[in-house]
Amino acid sequence: MAPIVTSVGAYVVLASGAQDDGGGIAVGGKVADIPPRMLAAYQRAARQVGRHVPKCRGMRWPILAGIAKVESNHASGRSVAGNGDIRPRIYGVLLNGSGAGGNTTVFPDTDGGRWDGTASGERAVGPFQFLPSTWDGVGKDAGGDGTADPHNADDAALGAAVYLCGKGHDLAKEPQLRAAIFQYNRSAEYVANVHGWIDQYTAANSPGLDNVTGDARTVIEAALAQRGVPYSWGGGTADGPSTGICCSPSGKSGARINGFDCSGLTTYAYAKAGTRLPRTAAAQAGVGQRIPASAGTRALKPGDLVFYAYAPGRDSTIYHVGIYAGSGQMVNAARPGAVVRLDAVDAMSGYAGGARLL
């Protein structure tokens, strides 16, 4: 697979010989093919990236896991220390235009061999396969040891998050997510490969419900069972998906599709617990105990409704609702062109608090 001249990392066969083993998803929301220490790095980077790119929206650990799966198979064959250091280091092929490993373009040395172990040219490094020249611009010290090291799992994951976020992408929006992946490596095949893994990891990313009982658990499980159902403007009733309109951003293209919009999904899930909701997101904000936005998202409990408004503080401007699932996540029918899925609570703009009905 040939590296792309403008790629952040070389999409080439690694010197380790690591191959995609086709590892899948275990039951119970655990990710079978990701070593726990690497998973922790992805999760940490998703939480930290807002400090470095405040305008970034929608960063989730499955996005980083999808990149790392394709680039290094999650540092397969390496040991990852408690501090995140990966040994032996992961090096791509020397990008000298020789054709080895699929490279046909010469990349002159930029780091004197500091990161890639050679001063005779460039090669991609670490679990996210950064070129040293790219790392120089996006590398971050996630662990606080004073060094931004692409061979450290935490630093590399945070650097990848910063790169994907650009100056403030909304990665909850499908076109922007695909554009960010394409920027990482300018190949449609690469985008499709990474996106497939993101989808698998997202499907595995079910919140732990061991401590959630009663009606709240019923509501969340009902909503989670609808993951993958298309967004349908005006779709969804207490009985399940129904026909609505697809798929322009304004929801008015005229095409018909069976699925849920945001308030259709909440109406359905709450009906499973015997609670009848009004049909629109703004009307649903008037039901139950209101949780003000000023209380922050930590005030939310699993099963709460989560609202978003054009003018937070004015409930008449509420445009969106989700179901809080715990661990900073919500079950979300986000927008035309998307499907019901788990998203970070901050994936939507204009957080307007929540409502507790259960």
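The values are calculated or read from the model by the stated rules, or taken from the named source; none is laboratory data. Computed from a predicted structure; not experimentally measured. Cβ placement follows ideal geometry from the backbone for every residue including glycine, while neighbour counts extend to all protein chains displayed.
Do the conditions hold for Tyr163, that is, is it within 30 Å of Ile86 (Cα to Cα), more than 14 Å from the chain's Cα centre (by Cα) and not in a loop (DSSP other than H, G, I, E, B)? For Tyr163, the condition - within 30 Å of Ile86 (Cα to Cα), more than 14 Å from the chain's Cα centre (by Cα) and not in a loop (DSSP other than H, G, I, E, B) - is not met. Listed by first and then second residue, the pairs with beta-carbon distance under 6 Å, at least 6 apart or on different chains, first residue in region 104-121 and not in a loop (DSSP other than H, G, I, E, B), second not small (Gly, Ala, Ser), are Val106/Asn96. Quick check on my filter: what residues within region 134-171 are within 24 Å of Asp199 (Cβ to Cβ), among the aliphatic types (A, V, I, L, M) and surrounded by fewer than 23 Cβ atoms within 10 Å (Cβ to Cβ)? Matches in region 134-171: Val162 only.
Being out of contact with any Asp or Glu (no Cβ under 8 Å at 6 or more places or on another chain) and not in a loop (DSSP other than H, G, I, E, B) is a description that applies to Arg178. Inside region 195-220, residues that are at pLDDT 85 or above and either within 18 Å of Pro302 (Cα to Cα) or in contact with a strand residue (DSSP E or B) (Cβ under 6 Å, 6 or more places away or on another chain) (or both) make up a count of 10. For region 87-103, the set of residues classified as without any contact (Cβ under 8 Å) to a residue 60 or more places away in the chain and either on the phi > 0 side of the Ramachandran plot or of a type in the set (A, V, I, L, M, F, W, C) (or both) consists of Leu94, Gly97, Gly99, Ala100, listed by residue number.
Just to be sure before I move on: is Ile67 closer than 23 Å to Arg341 by Cα, at pLDDT 90 or above and either assigned to a loop (DSSP other than H, G, I, E, B) or not assigned by TED's automatic domain parsing to the domain that holds Ala124 (or both) in the structure I sent? Judged against the criteria, Ile67 is not a match.
Being farther than 25 Å from Gly228 by Cβ, of a type in the set (S, T, N, Q) and surrounded by 14 or more Cβ atoms within 10 Å (Cβ to Cβ) is true of Thr317. Of all the listed residues (Arg227, Arg298), the sole one being within 28 Å of Leu177 (Cα to Cα), at pLDDT below 95 and not in a helix (DSSP H, G or I) is Arg227.
When region 256-292 is limited to residues that are of a type in the set (Val, Ile, Thr) and assigned to a helix (DSSP H, G or I), the one that is surrounded by the fewest Cβ atoms within 10 Å (Cβ to Cβ) turns out to be Thr267.
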